[in-house]
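Structure, as structure tokens:
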Ligand SMILES: Cc1cc2nc3c(=O)[nH]c(=O)nc-3n(C[C@H](O)[C@H](O)[C@H](O)COP(=O)(O)OP(=O)(O)OC[C@H]3O[C@@H](n4cnc5c(N)ncnc54)[C@H](O)[C@@H]3O)c2cc1C
């Protein structure tokens, strides 16, 4: 076997000075995860310029038995892109592969490198009068490759699905350096398994995505954001069904938050104000867009929908955004929930899903149960009710320090939340992936047959375990 020194020499010759560094000042920002929970170390940071270079690099890694951690924007929430602390893993950044090579306006699709940043993809699609219908808070950092590897969700899943449903074709470098190239989408193709699915949501454990062909949709012509006050989560679920019946697929997002979340956000953002007056136990934020349908009539349709929802007793009060500025202001309240919670002290966060129809009952059962079992904590759930996915946060009792919390009760509470979610037929990771954060919990709670299948696929594609060891399975 080749020595590590020989590997480094050959990798430098292959990638050049721009493509390989061991300078701690340059590697340090990329060896800690976005939340600052995992700190790693790396042998070197490789930034191949193209797919062929990465293929050749992976062959060198195979010869020298070097393990590899793929990385995009490092905005992931589960420590999936953070190398271990051993300092022997090669961090492979895809950020240089950021070319948007083709937008086919007629076919409504784009082909681009894995390193394209989400907000750049948005801008490119917009310039072609189209839209890439997936967005999330980390859009200034998250890359196409990372979004694919984590099967990211966001706020438009209700209508357009997660990343999985937007990927039409993929190019992937395999563990041994072979290149799987299937960028050209076929509407019908029955030659066995849908191979691209082996890499979507696989968190870089089965191959390294280098390019993708993605679905685009017509640009938004008009949008309305509704803010509604509700008496219960059950009413929120009924309101969603009502909106889908009256507004059809113009409903793009349906988010919920409890009164306490809104109060915390208003404390955190002194210049913000509540969209509607009075106390409401729950709030819903609903995004309605007109693209090919409803143009010119979306406001009227929303007003009719709210009038009938009020008549049915589904809502207590509601308002519609009067303009883009107000629509953004409503979303700002939603997007400020996490920083507002963080500012109040330590919490333990869970990104969970249960069957959509069971979500209201789950939250109303789980929240008081946890508060009883862990006195002094407060549980709150907010997020994508329309997808059966909420962020379930348990906030530490007042005065508890982060060190005491994370080193003590937080882990027990997480295990309890995951147990409950599993009992309800749900998932311990709805959109953020498993990474290193939830790997042990997946092993503890997953159906043994499902776990066996995950491990079998991983072993078939990466028999030496070179790709992102210690993550997912
Ligand atoms: C403020 C904020 C809000 C967010 N909101 C959401 C949200 O609403 N919904 C949501 O789903 N996520 C959300 N995220 C999480 C994050 O943006 C996504 O997980 C994103 O998909 C990660 O992309 P990345 O390029 O940063 O990947 P990284 O963090 O670099 O990597 C994530 C995982 O993908 C692997 N990977 C990266 N690139 C490749 C590649 N080319 N080939 C193979 N494997 C690869 C890594 O090894 C790692 O396992 C949010 C993040 C932030 C910071």
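The values are calculated or read from the model by the stated rules, or taken from the named source; none is laboratory data. All of these numbers come straight from a predicted model, not from anything done at the bench. We place every Cβ from the backbone using ideal geometry, glycine too, and count neighbours over all the protein chains shown.
Could you check, for the stretch 169-184, whether at least one of its residues is within 9 Å of the ligand (Cβ to nearest atom), in contact with a strand residue (DSSP E or B) (Cβ under 8 Å, 6 or more places away or on another chain), part of a loop (DSSP other than H, G, I, E, B) and over 15 Å from residue 114 (Cα atoms)? Among the residues of the stretch 169-184, not one is within 9 Å of the ligand (Cβ to nearest atom), in contact with a strand residue (DSSP E or B) (Cβ under 8 Å, 6 or more places away or on another chain), part of a loop (DSSP other than H, G, I, E, B) and over 15 Å from residue 114 (Cα atoms), which makes the answer no.
For the stretch 238-263, residues that are out of contact with any strand residue (DSSP E or B) (no Cβ under 9 Å at 6 or more places or on another chain), touching a residue at least 12 places away in the same chain (Cβ under 8 Å) and over 15 Å from residue 318 (Cβ atoms) total 2. If you go through the stretch 54-70 and keep only what is away from the ligand (no atom under 13 Å from the Cβ) and surrounded by 21 or more Cβ atoms within 10 Å (Cβ to Cβ), you end up with 57, 60, 61, 66. The criterion of at least 1 residues that are over 18 Å from residue 213 (Cβ atoms) and modelled with pLDDT of 95 or more is met, among strands (runs of 3 or more DSSP E) falling completely within the stretch 83-166, by 90-93. When residue 314 is tested against the conditions (1) more than 16 Å from the ligand (Cβ to nearest atom); (2) assigned by TED's automatic domain parsing to the domain that holds residue 421; (3) within 22 Å of residue 234 (Cβ to Cβ); (4) surrounded by 19 or more Cβ atoms within 10 Å (Cβ to Cβ), the lone failure is (2). Residues in the stretch 452-473 that are at positive phi and away from the ligand (no atom under 13 Å from the Cβ): 465 only.
Of the residues 281, 344, 301, which single one is touching a residue at least 24 places away in the same chain (Cβ under 8 Å) and under 24 Å from residue 131 (Cα atoms)? Selected residue: 301, the only one of 281, 344, 301 that is touching a residue at least 24 places away in the same chain (Cβ under 8 Å) and under 24 Å from residue 131 (Cα atoms).
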